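Below is one structure, written out as structure tokens, with a few remarks after it.
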2 protein chains.
Amino acid sequence: MACKELFYLGPEGTFTHQAAMEAADQLRPYVGGDEDDDGEITLTALSDVPAIIDAVQQGRGWGVIAWENNVEGYVVPNLDALIDSTDLAGFARVGVDVAFDAFAVAGDDPLNGHGGDEPVIVSAHSHGLAQCKRFIAEHHLRAVPASSNAAACRDLKPGRVAFGPRICGDLYGLDTLAERVQDFEGARTEFLVLARRDDVRDLSSRFREHGTGEFETIITFIPLVTGPGVVANVLDILRDAGLNMTSFMSRPIKGHDGTYSFIDTLDAAPWEPRFREVLETLATHGIWLKTLAVYPRRERPNPPVDAWMLPQGGVHLDAMRIERDWQTAATVERELLW
Amino acid sequence: MACKELFYLGPEGTFTHQAAMEAADQLRPYVGGDEDDDGEITLTALSDVPAIIDAVQQGRGWGVIAWENNVEGYVVPNLDALIDSTDLAGFARVGVDVAFDAFAVAGDDPLNGHGGDEPVIVSAHSHGLAQCKRFIAEHHLRAVPASSNAAACRDLKPGRVAFGPRICGDLYGLDTLAERVQDFEGARTEFLVLARRDDVRDLSSRFREHGTGEFETIITFIPLVTGPGVVANVLDILRDAGLNMTSFMSRPIKGHDGTYSFIDTLDAAPWEPRFREVLETLATHGIWLKTLAVYPRRERPNPPVDAWMLPQGGVHLDAMRIERDWQTAATVERELLW
């Protein structure tokens with residue numbers, strides 16, 4: 001049976017570990033050459049993202065890195081690392097709910113039966129503690145930060161509570177005191193699974209052979225000429241090809257403030273003729289280009305933007321009944337600061 | 001003498017506190033109505049950003065929030081909060097070097113003279129600890145996370161070390177063991193100073209009266225129609241007006257995955273005719289608009305993009321000598337994944 005090592009950010013029990021487990025489930029059919037025989041994927045924790053990138057570039061296996069969170073935005077250091085890598089690209093994208101369970105050592109019940117005046121200590125990464133404030137207040141816990149949620153669970157002592165991803169319960173043999181204790185539902189982190197670039201091309205072919213018809217692509221481009229309109233001109237080329245963008249941002253080139261790269265997620269595969277022609281046009285205009293990831297298209301919500309979804313304030317004219325002198329209305333001047 | 005309260009994220013000694021001190025120095029002439037008489041600015045720590053936003057919207061003073069870091073990118077929760085605020089905008093932007101000093105309790109020298117085998121404990125926020133790994137390794141310290149760098153300094157015990165912003169030394173009466181112990185130089189966080197929207201318009205007028213000629217503006221816009229080309233069409237309008245963008249990104253509308261707002265930083269003021277016309281055009285096309293900030297233009301590097309600055313890999317054609325069949329070259333196929 002074919003085997004593949006999948007590297008993730010440790011210690012065991014991180015959200016990245018949870019993402020790696022989900023990725024392993026999805027990718028098992030693609031480990032070996034024989035599609036009737038699922039491969040085996042071994043998960044290995046590494047201490048930081050540069051170590052994951054090195055391991056993948058050395059051909060030791062695949063890697064999983066956090067890419068984007070719907071509350072915090074892009075994980076920019078990982079984005080910069082992928083842009084600057086030598087032989088690496090994403091070929092799969094998996095999402096994980098950012099949900100915390102409250103754990104205790106097996107057989108222990110620190111939330112009940114402690115008669116003392118001292119508050120019970122709860123431990124998690126400071127981000128985790130910040131996301132479970134309501135539970136901390138309800139149970140009069142004293143928050144003590146840990147280096148990671150997984151470490152808080154791994155090092156948990158009797159009489160104390162830890163917050164961590166669901167998988168920490170099984171991993172460390174802990175009792176689950178309460179599930180989903182985070183203050184808000186709906187936070188989600190998305191991860192990219194990385195391989196060497198030639199492997200990504202092979203894997204994309206195999207996804208297509210297995211029936212995947214639609215892909216998404218993340219590209220980065222750097223115009224060497226700057227000034228007004230450079231980006232508009234690039235986006236015109238994408239628009240004229242009918243390519244739909246789902247995310248777009250500018251970033252300084254790493255280490256060079258005042259220079260710009262652009263990162264663009266598109267609903268198409270780079271081998272589709274219309275996309276390929278766009279890339280050819282950009283390249284022949286001297287724009288630096290790199291494809292960062294190609295992965296099967298996610299099921300994504302595509303709601304219409306209704307007026308009730310708009311943020312508070314701002315200016316929103318009803319195109320059917322634009323008033324005379326609307327430009328000098330007090331609310332317009334106030335919202336646009338002109 | 002006129003007085004103004006400036007709210008920042010506590011506890012005392014955070015990088016936001018340092019930014020608030022720098023903002024207070026710059027803004028003292030603008031506190032009162034009389035430009036010959038500097039006002040007084042009182043700094044007040046609050047426990048989270050929503051409390052700062054509430055205080056400013058209630059007219060209790062100005063506020064300072066973290067906006068962007070050159071390593072981590074935008075502080076997206078603060079960006080979302082500003083987009084969704086009812087009566088708030090930025091009117092000044094200040095930057096702070098993310099630099100850590102190593103502190104000890106006054107008179108203490110934990111790095112020398114401890115004969116024991118136990119490693120000396122160093123405390124800081126887990127991000128701070130991650131940024132000072134070299135110093136930790138050199139001195140064989142044991143890292144223990146704290147809820148913030150400022151709290152680590154405030155609560156420092158004899159025999160231990162804390163990492164924190166420079167200002168923590170004076171604030172907490174600590175001895176500085178070593179300056180700038182962070183692994184990498186050049187990390188920087190930028191902050192926005194917020195006021196109620198009518199105050200921002202007054203302040204902008206006064207900046208102009210005091211001789212500020214150039215401004216930057218951050219706008220957010222939401223097209224209610226989506227699909228290929230919507231953003232390209234908006235950027236065409238900006239390009240045709242000669243407006244230079246220095247940052248651009250898409251964000252889902254808060255709480256509505258799959259919808260998009262766009263945040264754009266421009267080298268112009270919204271009251272300039274060419275910019276005002278752009279905003280009018282966008283508004284009459286039914287696009288929702290809001291100005292998030294107008295502030296005096298920063299001194300910024302504007303280096304040419306040279307080929308040596310480009311990330312590793314990628315495709316960069318020399319426009320003067322494009323080879324035949326370059327599209328099927330192995331490196332091009334590998335970098336573009338087509």
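The values are calculated or read from the model by the stated rules, or taken from the named source; none is laboratory data. It should be emphasised that the depicted structure is a prediction, and the values quoted were computed from it without experimental measurement. Glycine also receives a Cβ, built like all others from the backbone with ideal geometry; neighbour counts cover every protein chain displayed. The protein model used for the area step is the full one, side chains on, heavy atoms only, and it has no ligands, DNA or RNA in it. Shrake-Rupley method; radii C 1.70, N 1.55, O 1.52, S 1.80 Å.
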Q: Give the relative contact order (percent, whole number) for chain B; include only Cα pairs under 8 Å separated by 6+ residues.
A: 18
Q) Which of A:ASP306, A:ASP54, A:ASP257 moves most in a GNM of chain A, Cα contacts under 10 Å? A) A:ASP306
Q. Where does the charge balance sit around A:LEU88 when Lys and Arg score +1, Asp and Glu -1, over other residues with C-beta under 12 Å from its C-beta?
A. -2
(Q) Using Cα springs under 10 Å in a Gaussian network model of chain B, which residue among B:MET249, B:MET309, B:MET21 shows the largest mean-square fluctuation? (A) B:MET309
Q: Given a cut-off of 27 Å, name the pairs among A:LYS157/B:LYS157; B:LYS254/B:LYS290; A:LYS290/B:LYS254; A:LYS133/A:LYS157 whose C-alpha atoms lie farther apart than that in the structure shown.
A: A:LYS290/B:LYS254
Q: Sum up the charges of everything whose Cβ sits under 14 Å from the Cβ of A:GLY286, counting Lys and Arg as +1 and Asp and Glu as -1, but leave A:GLY286 out.
A: -2
Q: Could you please state how large a percent of the accessible area of region B:213-302 is carbon and sulfur, counting protein chains only and using a 1.4 Å probe?
A: 49
**Q.** For region B:296-305, Karplus couplings with θ = phi - 60° (6.51, -1.76, 1.60), whole Hz, Gly/Pro x
**A.** x, 4, 6, 6, 10, x, 9, x, x, 8
Q. Taking the label point as lying 7 angstrom from Cα along the Cα-to-Cβ axis, what are the distances from B:PRO119 to the corresponding position in the remaining copies, in ascending order and in nanometres?
A. 2.9
(Q) Amide H of A:ALA268 versus every other amide H placed in the peptide plane: which residues, excluding those fewer than 5 positions away on the same chain, fall under 5 Å? (A) A:THR217
Q: Post the alpha-carbon centroid distance, region A:282-333 to region B:194-262, in whole angstrom.
A: 11
Q. Are there cysteines in chain B with no second cysteine's Cβ under 4.7 Å away, and if so, which?
A. B:CYS3, B:CYS132
Q: Note down, for the protein assembly as shown, the three equivalent ellipsoid semi-axes (square root of 5 times each alpha carbon gyration tensor eigenvalue), biggest first, whole angstrom.
A: 38, 37, 24
**Q.** Share antiparallel - DSSP beta bridges, the protein assembly as shown, percent rounded to 5
**A.** 70
Q.
Looking at chain A as a GNM with Cα springs under 10 Å, which of A:ASN244, A:ASN302, A:ASN149 has the largest mean-square fluctuation?
A. A:ASN302
Q: Mind checking which aspartates and glutamates have their Cα closer than 17 Å to the Cα of A:LYS4? Skip sequence neighbours fewer than 8 apart in that chain.
A: A:GLU22, A:ASP25, A:ASP34, A:GLU35, A:ASP36, A:ASP37, A:ASP38, A:GLU40, A:ASP54, A:ASP198, A:ASP199, A:ASP202
(Q) What does DSSP give for chain A in terms of the percent of beta bridges that are antiparallel, rounded to the nearest 5? (A) 70
Q: Mind giving me the nanometre distance, one decimal, between the label points for A:ASP170 and A:THR212, set 7 Å out from Cα along Cα→Cβ?
A: 2.4
**Q.** Inter-centroid distance (Cα atoms) of region B:160-192 relative to region A:157-186, Å
**A.** 34
Q: For B:HIS127, tell me the accessible area in Å² from a 1.4 Å probe, rounded to the nearest 10.
A: 90
Q: Using the 7 Å Cα-to-Cβ label point, sort the distances from A:ASP97 to its equivalents in the other copies shortest first and give them in nm to one decimal.
A: 4.6
Q) When each pair of different Cα atoms in chain A is counted once in the 1/r mean, what is the Kirkwood radius in angstroms, to one decimal? A) 23.0
Q: In nm to one decimal, list the spacings between the B:GLN312 label point and its equivalents in the other copies, with label points set 7 Å along Cα to Cβ, shortest first.
A: 4.8
Q: List the residues whose amide H sits under 5 Å from the amide H of B:ARG188, counting only those 5 or more places along or on another chain, with H placed 1.01 Å from N in the peptide plane.
A: B:ASN70, B:VAL71, B:VAL98
Q: Of the DSSP beta bridges with both residues in region A:101-178, give the percent that are antiparallel, rounding to the nearest 5.
A: 50
Q | Debye log10 I(q)/I(0) for region B:101-178, one point scatterer per Cα, at q = 0.11, 0.21, 0.22, 0.25 Å⁻¹ | A | -0.22, -0.84, -0.93, -1.20
Q) Once you average over the residues of B:295-304, how many Cβ atoms of partner chains fall within 10 Å of each Cβ? A) 2
